[in-house]
């Protein structure tokens with residue numbers, strides 16, 4: 001996919017088999033955003049809201065939008081190659097991954113007085129997400145967070 005094209009739908013074509021025989025539908029959003037295209041952050045938020053509105057987790061939309069905005073903005077400001085955003089929602093919760101193409105791993109840090117409004121994104125993710133993390137991924141990394149019951153790091 002290129003530009004601002006989004007794909008929202010069932011991942012894997014339908015129900016997902018859960019441990020213990022439970023079934024549920026998983027919905028997916030995937031979007032590629034171009035380098036320095038900060039307007040894409042608004043478009044990703046809108047698509048995420050649409051994804052969550054049709055789920056049992058619509059109450060988490062504001063937090064999900066905030067955290068996604070922070071991760072996408074970080075990827076666009078601190079890299080030169082754009083990013084790929086993937087959000088998956090099912091009855092257990094929401095998982096958002098932002099993949100960029102720079103290997104340097106971010107770490108949350110307390111911003112100094114001279115930072116203005118910069119440097120707080122990962123602190124927000126750390127404070128508001130049920131789980132979050134960073135993992136190396138090929139030629140780059142994935143920064144992810146989860147909202148919902150049973151959020152556990154998969155990596």
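When peptides 129-139, 25-35, 83-93 are ranked by their average number of other Cβ atoms within 10 Å per residue, the highest-first order is 83-93, 25-35, 129-139.
A straight chain from residue 137 to residue 78 at 0.36 nm per residue would run longer than the Cα-Cα distance by 19.6 nm.
The numbers here are math on the coordinates, done by the rules we state, and not lab data. Keep in mind it's a predicted model, so treat the numbers as computed, not measured. Cβ sites come from the backbone with ideal geometry, for glycine too, and all protein chains shown count toward neighbours.
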